[in-house]
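For reference, the structure discussed in these notes is given below.
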Amino acid sequence: MARYRGPRTKIARKIGEPIFGPDKYFEKKNYPPGQHGNNRRRRKVSEYGTQLKEKQKAKYTYGILEKQFSNLYKKANSAKGVTGTVLLQLLECRLDNVVFRLGIAPTRQAARQIVSHRHIVVNGKVLNIPSARVRAGDIVGVRERSKALDVITESLESANHSKFSWLEWDQEQMAGKFLNMPQREEIPENIAEQFIVELYSK
């Protein structure tokens, strides 16, 4: 599956937020990219432009492609509840995102690679599909032979395991339990999901 592998700071500058995490280059140039930089006069963003920006922000934040995002929206739209909130909940329960939230990987990109390389087990079985959906009660942990990997141990040392109320971490087992779907107010991402719903509703 193709992934965006270009300069991440450029995307963050385009979105206007450091969506990939702390970025010293973004702090130096926190204005849109382009030949004339911050001096360029820019027109007021249209309603469509605002909606599209929020969708792009969500896609890049969670690291998924257009087709995947469209399919998730269709699932959210057909499910019970507020469509925008359900969409964010579906994004949050992706395996690669759960691995990132548990602190097993320092970024979602690293989490996707760790999952793909078969270092993660779900309910005791190896699962190497980053987009797999984690459900309430599932145990997501590090494979026994992968527990000494530097990228995992270093990430866990700096992780704050009490940060997310819908996850429970067991340091001894190096595994976490997905307790329940997070509520919208618990999801820290700065995404205006209503704009995404409006975009797809056209």
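No lab work stands behind these numbers, since they all come straight from the coordinates. These numbers were taken from a predicted model, which means no experiment stands behind them. Note that each Cβ is placed from the backbone with ideal geometry, even for glycine, and that neighbours are counted across all protein chains shown.
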Can you tell me which residues in the stretch 101-118 are surrounded by fewer than 23 Cβ atoms within 10 Å (Cβ to Cβ) and not hydroxyl-bearing (Ser, Thr, Tyr)? Gly103, Pro106, Arg108, Gln109, Ala110, Gln113, His117, Arg118
Criterion violated by Gln68 - all others in (1) out of contact with any helix residue (DSSP H, G or I) (no Cβ under 7 Å at 6 or more places or on another chain); (2) closer than 16 Å to Ile187 by Cβ satisfied: (2)
Selection from the stretch 184-198 of residues within 29 Å of Val142 (Cβ to Cβ) and free of Cβ contacts under 8 Å to residues at least 12 places away in the same chain yields Pro188
Top-ranked residue in the stretch 171-202 [being small (Gly, Ala, Ser) and over 18 Å from Arg94 (Cβ atoms); ranked as surrounded by the fewest Cβ atoms within 10 Å (Cβ to Cβ)]: Ser201
